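Encoded as structure tokens, the structure appears first; notes follow it.
The values are calculated or read from the model by the stated rules, or taken from the named source; none is laboratory data. For clarity, every value in this text was computed on a predicted model and none was experimentally measured. Cβ placement follows ideal geometry from the backbone for every residue including glycine, while neighbour counts extend to all protein chains displayed. Areas reflect the complete protein model, heavy atoms only, side chains present, ligands, DNA and RNA absent. Shrake-Rupley method; radii C 1.70, N 1.55, O 1.52, S 1.80 Å.
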Amino acid sequence: MGNNMIFVTIEEVDTILGATWAAQDKKSLAIQDANDWLNGMKFCKGLDPIADSIKRAGAYLSRLSSQDLLYATQNDGVVTEKKVKADVVETTKKYAVGQEKGKHADMQRVESLLKPYLCSGVGSINGWVCK
């Protein structure tokens, strides 16, 4: 393809999520992040024209970006116990139940929307580290 594709525009995200999905001054960067993120995926279909599901995924990615959540740091949760033993290496970590940080709902939507369009291998759902 060479050039990066434009998967979604501000106007399209406004239509999909409503105009209040982000502050006006955050929208351009959020759209750029979403398009950059989608350009990193390996699509096998749905690009000519761009499928509605991919545009909707772009909208959710835009909203995540506008909230600084698209590339959020992963967090294991709240540690309630930690044990380290020196001689024979031993380590234990326990997490408070319900404190584990799972995937954001919008990222779960993105995965569901994109799954039918992605090739297996690089760029596939299994390769995602984004939470």
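Yes/no per residue for (1) modelled with pLDDT under 60; (2) on the phi > 0 side of the Ramachandran plot; (3) exposed (fewer than 14 other Cβ atoms within 10 Å of the Cβ); (4) not in a loop (DSSP other than H, G, I, E, B):
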position: LEU38; (1), (2), (3), (4): no, no, no, yes
position: SER53; (1), (2), (3), (4): no, no, no, yes
position: LEU61; (1), (2), (3), (4): no, no, no, yes
position: SER65; (1), (2), (3), (4): no, no, no, yes
position: GLN74; (1), (2), (3), (4): yes, no, yes, no
position: GLU81; (1), (2), (3), (4): yes, no, yes, yes
position: VAL97; (1), (2), (3), (4): yes, no, yes, no
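Filter region 1-31 for residues that are open to solvent by less than 30 Å² (accessible area, probe 1.4 Å) and in a helix (DSSP H, G or I); which is farthest from TYR117 (Cα to Cα)? Looking at the filtered set, the residue picked out is LYS27.
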